[in-house]
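The numbers here are math on the coordinates, done by the rules we state, and not lab data. In this text the structure is predicted, and so the values were computed from the model without any measurement. For neighbour counting, all protein chains shown are included, and Cβ atoms are generated from backbone atoms with ideal geometry for every residue, glycine included.
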Amino acid sequence: MAFISEKDRNYLRDVFTRELVNNVRLVFFTQKLGLFVPGVECEYCRETGELLKELSETSDKIKLEVYDFISDEEMVKRYGIERIPAIVIAGEEDYGIRFYGIPSGYEFSSLIETIIDVSKRETKLSKEVKERLARIDKDVVIQVFVTPTCPYCPRMIHTAYQFALENKYITAKGIEVIEFPQLGNYYNVSGVPKTVINDKEEIVGAVPESVFLESIEKALEE
């Protein structure tokens, strides 16, 4: 059974034909058949892989790369992958954009938006926010906890991804919290979206990009 309907595939082909400029790499980390290791079970790896394969077939500018979390140790270290399934959205370079889990439901839309942003190598952030982001010269790690049924989550995760695209010091991770409940428990995620910045600042709910950036600036001051 196809994960993307023929109607949606045709829609994506049209959008990507109009919007994509440069090639985009979807670097997927999974658990390949025959390489099962106890303790590294990946419930949605197969489904995520099929979804990305179908998505990559809608445009010749989307290149899918697949690596195994256990055997492709060098690539895991290169991208700093911590769990699977994991998706890196990159161009010629790595912009620090990650998604852990299957990008289903509302999160599929943020994946599409980010593919377009990365292909254009530009974001829709305001001039003021871009100028403030350009002044950041210390490492920032943003974790945005989401679920597929949350309509407010794509706004936060897409903003985090845009921040990462604008500034090389920023890494943005979207995390489907239902797939990683232990991580959700560790960060006390009782509602989504929940955003954690450098393990210092937290944002619950969706906020404007300027407020989001204020929390990043505050985390760096601390």
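Restricting to DSSP loop positions (anything but H, G, I, E, B) with no more than 11 other Cβ atoms inside 10 Å of their own Cβ, which trypsin sites (Lys or Arg not before Pro) remain in the range 127-156? Display every interim value, and only then the final one.
On the way: sites: Lys127, Lys130, Arg132, Arg135, Lys138, Arg155; in loops: Arg135, Lys138.
Answer in residue order: Arg135, Lys138.
Provide the FRET efficiency to the nearest 0.05 for the Ala134-Asn188 pair, computing r from the beta carbons and using R0 = 41 Å. Display every interim value, and only then the final one.
Values: r = 33 Å, r/R0 = 0.80.
Approximately 0.80, to the nearest 0.05.
State to the nearest 20 debye the size of the charge dipole of the chain about its Cα centre, where the only charges are +1 on K and R beta carbons and -1 on D and E beta carbons.
Numbers: 28 positive and 39 negative charges, 76 e Å.
Rounded to the nearest 20 debye, it is 360 debye.
What does the extension gain come out to for Glu47 and Met1, with contour length at 0.36 nm per residue minus their alpha carbon separation? Present the calculation step by step, with values, prior to reporting the outcome.
Working: separation 46, 0.36 × 46 = 16.56 nm, distance 1.05 nm.
Contour length minus Cα-Cα distance gives 15.5 nm.
How about the range 8-117: which chymotrypsin sites (Phe, Trp or Tyr not before Pro) there lie in a loop by DSSP and see at most 12 other Cβ atoms within 10 Å? Walk me through the numbers on the way to the answer.
Details: sites: Tyr11, Phe16, Phe28, Phe29, Phe36, Tyr44, Tyr67, Phe69, Tyr79, Tyr95, Phe99, Tyr100, Tyr106, Phe108; in loops: Phe36, Tyr44, Phe69, Tyr95, Tyr106.
Of the chymotrypsin sites (Phe, Trp or Tyr not before Pro), the ones in loops of the range 8-117 whose Cβ has at most 12 other Cβ atoms within 10 Å are Phe36.
Let's test this: bin the Cα-Cα distances of the range 123-222 at 10 Å from zero up to the farthest pair and state each bin's percent.
That works out to 16, 52, 27, 4, in percent per bin.
Taking 0.36 nm per intervening residue step and subtracting the Cα-Cα distance, what contour gain separates Lys120 from Tyr11 on full extension?
Working: separation 109, 0.36 × 109 = 39.24 nm, distance 1.91 nm.
Length gained, Lys120 through Tyr11: 37.3 nm.
Which value does Rg/Rh take for the range 1-117 over its C-alpha atoms, Rh per Kirkwood? Can you show the working numbers first?
Details: Rg = 14.1 Å, Rh = 14.7 Å.
Taking Rg over the Kirkwood Rh, I get 0.96.
Most mobile of Ser119, Ser110, Ser71 per a Gaussian network model of the chain (Cα springs, under 10 Å)?
In this elastic network of the chain, the residue with the biggest mean-square fluctuation among Ser119, Ser110, Ser71 is Ser71.
Find the relative contact order for the range 1-122 and round it to a whole percent, using C-alpha pairs within less than 8 Å whose residues are 6+ positions apart.
RCO, the range 1-122: 35 percent.
Could you tell me what a quarter of the Cα convex hull surface of the chain works out to, in nm² with one decimal place?
Values: hull surface 49.1 nm².
Mean projected area for the chain: 12.3 nm², to one decimal.
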